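The values are calculated or read from the model by the stated rules, or taken from the named source; none is laboratory data. Given the structure is predicted, the values throughout are model-derived calculations rather than measurements. All Cβ positions, glycine included, derive from the backbone under ideal geometry; neighbour counts span all protein chains shown. Protein only, heavy atoms only, side chains kept; ligands, DNA and RNA dropped before computing areas. Shrake-Rupley method; radii C 1.70, N 1.55, O 1.52, S 1.80 Å.
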Amino acid sequence: MEGISDIKISGLDQLRPPQILKQPYINLFFELSHKAPKEWCDDFNRLIGKRTYPVKIDPPAGLFIETWVRKAHEIEAVLDSLKKVIITCNLEYIARIEAERNAVINVDFKNDKGGEQGELNKIIADLNFDD
């Protein structure tokens, strides 16, 4: 099964390859390894911020990062920059999901504080599953 940590750029969209056109720019459509959740896409768009050239991912589609460059020699630098943002986005998304899950577990296990069950609930709630 593919997870959030597996999201990476796998190549360029085969249906929209980069081409030299009359316009003074080259459109780039980087394809992700698999469809990203809407929340991940929103995080990516927030993290990418303002760049020399606009960069975005369409959250409902969640599969292509769209941008452009003026010169072909800029493509490699753009790709390297996108890879770094994807790594950060993956880490932040996973951390947020784990924090939400831990909050639910802590609420569930700490609600019953009496007797042996309360002691068990506290031990379970305090378990550390980090590496």
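Remarks
- Yes/no for Ile124 being at pLDDT 80 or above and surrounded by 11 or more Cβ atoms within 10 Å (Cβ to Cβ): no
- Residue check, Ile87 free of Cβ contacts under 8 Å to residues at least 12 places away in the same chain, surrounded by 12 or more Cβ atoms within 10 Å (Cβ to Cβ) and hydrophobic (A, V, I, L, M, F, W, C): yes
- Looking only at the range 29-71, residues that are among the aliphatic types (A, V, I, L, M), open to solvent by 20 Å² or more (accessible area, probe 1.4 Å) and in contact with a strand residue (DSSP E or B) (Cβ under 8 Å, 6 or more places away or on another chain) come to 2 in all.
- Whichever residue in the range 72-84 is open to solvent by less than 50 Å² (accessible area, probe 1.4 Å) and touching a residue at least 60 places away in the same chain (Cβ under 8 Å) and, among such residues, is farthest from Ile7 (Cα to Cα): Leu79
- The residue that is nearest to Glu98 (Cα to Cα), among those in the range 1-14 that are of a type in the set (A, V, I, L, M) and touching a residue at least 12 places away in the same chain (Cβ under 8 Å), is Ile4.
- Answer residue from the range 1-28, given it is assigned to a loop (DSSP other than H, G, I, E, B) and hydrophobic (A, V, I, L, M, F, W, C) and is surrounded by the fewest Cβ atoms within 10 Å (Cβ to Cβ) among those: Met1
- Leading residue by the ranking (farthest from Lys71 (Cα to Cα)) among those in the range 46-60 that are of a type in the set (D, E, K, R) and either more than 18 Å from the chain's Cα centre (by Cα) or not in a helix (DSSP H, G or I) (or both): Asp58
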